[in-house]
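One structure is given here, and the rest of the page talks about it.
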């Protein structure tokens, strides 16, 4: 059955020379070799272990398991279906300009037709073709980010407090990301950007209320890269000092975060610097998603996680990791800064006004389309917390645990102690404490 089809294709190519560059021969096992980092696979494809090995490689390319494991078409076998998906992987790379023939250049037969087996050029860059998956940031992208930033970002601890902590009915634990390099989770996304993308001579630029800027400055310093950080006027002096301490140039970019972002965009356009967006970029979201991956490995039995929301990069990464699992992801926003809740209500990103004690880190006026696309199906809901509960949570974390935490970092706990989120009895609840860049004089005033 196959040979007559091959002869038919040969005849069509001889009769239509203009189509010859468009037809490529793909060998599935060469495709799997490329997916495996140009290493031979361990098991033959018709053995159960070989099938599992190939399923894992296809899943890492972004295919949903439901698609990989779907019953094959009538007349085809399971390995035929896997081979077809492998060919699709190569076809997408060829279409994107990453095709690679063996031999190179291709040979020619007696009719002048090209003779080559095609695969693709493998590299370390974070490349995720959106046609491979219906999720903007799939798990394989987060797995790749975790491999990339290993040794650059800290594994932060979990503090298990048990049932009844903070007067709740839940079995509570705290994920202490406030102990991350540069004082917040932002370091994960910063390193993933720098290790994924080509950095020009002009270096990198970012707009930040402080934490993202500190993280980019820290990561850039470790990588020997120039960094220019644009901050709004509301940025706390402690955060600006941290950015400068890590070696970046600081520029005041206007009153609010969006003003600083506009100044950053102008700078990037003029200089060619690489912009590292704090939330509206897949590299950033995938980097923050490594926190969710790490959290699950430390607390595999969680029912719910509470996550503070500013621009939404953090909750997007965590929600992308937990998507499809039994873990419920709940966002927490200040009552006066609710860009994600407003977007979920409006079924699309909208602009909101911002007025909160946590506005320097949770003060984005619009989450943007990418964050909305990730969160609309993966975030259970958003709980709003009053500023008074945020400052109460800050004081509590210092008094009981000697943790110096900024308002945005304490917001998730504020939702629990204020009753903005009401857990069920015995619910295994993880609360993210995500930022430590606070002015110690202000902390002293809060706890006096």
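Nothing in this text is a laboratory measurement; each read-out follows from the coordinates by a stated rule. Since this is a predicted model, take the numbers as computed values, not measurements. Heads up, the Cβs are rebuilt from the backbone with ideal geometry, glycines too, and the neighbour counts pull from every protein chain shown.
Overview of results
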{"quantity": "Alpha-carbon centroid distance for the pair the range 24-47 / the range 360-434, whole angstrom", "calculated": "46 Å"}
{"quantity": "Listed peptides 437-444, 261-268, 407-414 by packing density, highest first (mean Cβ within 10 Å)", "calculated": "407-414, 261-268, 437-444"}
{"quantity": "Which of 185, 230, 43, 322 has the fewest Cβ neighbours within 10 Å, and the rest in rising order", "calculated": "43, 322, 230, 185"}
{"quantity": "Full-stretch length increase - residue 179, residue 197 - with 0.36 nm per residue and alpha-carbon distance subtracted", "calculated": "3.8 nm"}
{"quantity": "Choice from 62, 247, 75 showing the highest fluctuation, given a GNM over the chain with Cα pairs closer than 10 Å", "calculated": "75"}
{"quantity": "Shape box of the range 141-185 [Cα atoms, principal axes, largest first, Å]", "calculated": "39, 23, 12"}
{"quantity": "Inter-probe distance in nm under a simple model that places probes 7 Å from Cα toward Cβ, at residue 166 and residue 335", "calculated": "1.8 nm"}
{"quantity": "Modelled FRET efficiency - R0 60 Å, residue 422 with residue 27, Cβ distances, 0.05 increments", "calculated": "0.55"}
{"quantity": "For peptides 283-290, 390-397, 297-304, sequence by mean Cβ density within 10 Å, most packed first", "calculated": "283-290, 390-397, 297-304"}
{"quantity": "Among 376, 282, 74, residue whose mean-square fluctuation peaks in a GNM of the chain (springs only between Cα atoms under 10 Å)", "calculated": "74"}
{"quantity": "Linear extension gain, residue 445 paired with residue 7, 0.36 nm per residue minus alpha-carbon span", "calculated": "149.4 nm"}
{"quantity": "Global geometry of the range 184-305, whether rounded, prolate or oblate, following the gyration tensor of its Cα atoms and the 1.5 cut on a/c", "calculated": "prolate"}
{"quantity": "Pairwise FRET efficiency - residue 350 versus residue 154, Cβ, R0 = 45 Å, nearest 0.05", "calculated": "0.80"}
{"quantity": "Area projected by the alpha carbon convex hull of the chain, averaged over all directions, nm²", "calculated": "25.1 nm²"}
{"quantity": "Share antiparallel - DSSP beta bridges, the chain, percent rounded to 5", "calculated": "30 percent"}
{"quantity": "Exposure proxy ranking, count of Cβ atoms within 10 Å, fewest first, for 27, 381, 212", "calculated": "381, 27, 212"}
{"quantity": "Ranking of 35, 141, 159 by count of other Cβ atoms within 10 Å, fewest first", "calculated": "159, 35, 141"}
{"quantity": "Full-stretch length increase - residue 249, residue 262 - with 0.36 nm per residue and alpha-carbon distance subtracted", "calculated": "3.0 nm"}
